Amino acid sequence: MIDAIVFAITIVFPNLALMWLGFFMQRRGEASQSFIDQASSFVFNYCLPCLLFFSVVDSDVDYGQQVKLIFIGILVTFVLFFGAELYAKRFVKYPADQGVFVQGIFRSNMAIIGLATVANAYGERGLSIGAVYMGVVTILFNILAVITLSRVSKSVDDTLISRIIMIIKKVFTNPLILALLSAFAYKALPLPPLTGVIHTTGDLLAAVALPLALICAGASIDLKSMLNASGLSMQASIGRIVIAPIVAIAIGLAFGLSGVHMGVLFLMVASPAAAASYVMAKAMGGNNVLAANILAFTTVVGMFGMAFGAAALRALGLM
């Protein structure tokens, strides 16, 4: 049991430390909102794509073996989505709150918190598996987010066709998805290995990705919003940091998942609410204050939930 606790602390504490550094910098005035916005954009558009691209291209992982994990991830996402939709229609009064509530439960921060924790737990092999998982499930996240948030749209121009076009644009202009598709294509073609200046430059950009992303996440935390969470945001937060991991573990066990694959599934699903959930909620007319509260609370508290769950799974020999 001691080994399991040490394992959990080892994979979660570095992320918390970097987030705390970001929060400390923000409190000291060393990380302004402009810095956070620019650094986050730099990470999203350049560093994370390099990290994902080279982690896939350099890996020796048999991606055919990831089909089961990806299928389970998709199934978990649909269970969470439809479960949250049913709950929201029954217990959440306002349409502007419903979509934000649903998105807060099914959509996790895989690209930053999830990948960073998987890398801490399993190194390059886990990172490669996590990158493939993230690439597929991120596409589903974007589609379901547009569907659930579009209920509040009042625009005359907002039709089924326009929503489909919006989804396609979001998917195929997402730098992370483009990086993964490029990596898969590169591995599939008879091309020489990437070496020299190109690989060295990519490695340098990739090395910046997760640390800077975690610092920006910490600098974005608003304690006032987090501590003044409404009853609805608390319900969504419980769904994200308690219900979602339990559903993932249950479905994973039902399909016989264990080892690295169970670990990747758990850490990806148990991650806090996605940072993009706030941006999308605001852009599509949802309750952005509710989205901010869910994001802040799950970002801090969810990390401890990940540590507890990882320790339990490790102690049971499942991860």
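The values are calculated or read from the model by the stated rules, or taken from the named source; none is laboratory data. If you're wondering where the values come from, they're calculated on a predicted model, not measured in any experiment. A quick note on method: Cβ atoms are made from the backbone with ideal geometry, for glycine too, and the neighbour counts reach across all protein chains shown. SASA here: full protein model, heavy atoms, side chains in, ligands and nucleic acids out. Shrake-Rupley method; radii C 1.70, N 1.55, O 1.52, S 1.80 Å.
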So the carbon and sulfur contribution to the accessible area of the chain, 1.4 Å probe, in percent, is 69
Spelling it out for S108: with amide H atoms placed in the peptide plane at 1.01 Å from N, the residues 5 or more places away or on another chain with amide H under 5 Å from its amide H are A274
Expected vector for the range 172-183, Karplus 3J(HN,Hα) from phi with 6.51, -1.76, 1.60 and θ = phi - 60°, integer Hz, x for Gly and Pro, equals 8, 10, 6, x, 5, 5, 4, 5, 5, 4, 5, 5
Those trypsin sites (Lys or Arg not before Pro) from the range 29-93 that are DSSP loop and have at most 14 other Cβ neighbours within 10 Å turn out to be K93
Ordering 111-117, 132-138, 246-252 by per-residue average of other C-beta atoms within 10 angstrom, highest first, gives 111-117, 132-138, 246-252
From the Cα centre of the range 164-185 to that of the range 1-68, the distance in Å is 21
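Only helical DSSP H runs with n ≥ 4 go in: add -39500 (n - 2.57) per run for the chain, normalise by residue count and round the 222 nm mean residue ellipticity to 500 deg cm²/dmol.
On the way: 15 runs with 241 residues, N = 319.
Counting only the DSSP helices, I get -25000 deg cm²/dmol.
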In terms of the alpha carbon gyration tensor, root eigenvalues a ≥ b ≥ c, rounded if a/c is under 1.5 and otherwise prolate when a/b exceeds b/c or oblate, the chain is rounded
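Need the full-extension length gain, D3 to W20, defined as separation in residues times 0.36 nm minus the C-alpha distance. One decimal, nm. If you can, show how the numbers build up before the last one.
Working: separation 17, 0.36 × 17 = 6.12 nm, distance 2.51 nm.
Contour length minus Cα-Cα distance gives 3.6 nm.
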Whole-Hz Karplus couplings 3J(HN,Hα) for the range 85-94, θ = phi - 60° and coefficients 6.51, -1.76, 1.60, Gly and Pro as x, run 4, 4, 5, 5, 5, 8, 10, 9, 6, 9
Excluding residues fewer than 8 positions from K93 in its own chain, the lysines with Cα under 26 Å of it are K154, K224, K282
Heavy-atom accessible area per residue of the range 19-73, all protein chains kept, 1.4 Å probe, expressed in Å², is 55
Per residue, the convex hull enclosing the alpha carbons of the range 184-283 has a volume in Å³ of 186
Partner lysines whose C-alpha sits under 26 Å from that of K187, ignoring same-chain residues fewer than 8 away, are K68, K169, K170
Each label sits 7 Å from Cα toward the beta-carbon; between L316 and L191 the label points are separated, in nm, by 4.2
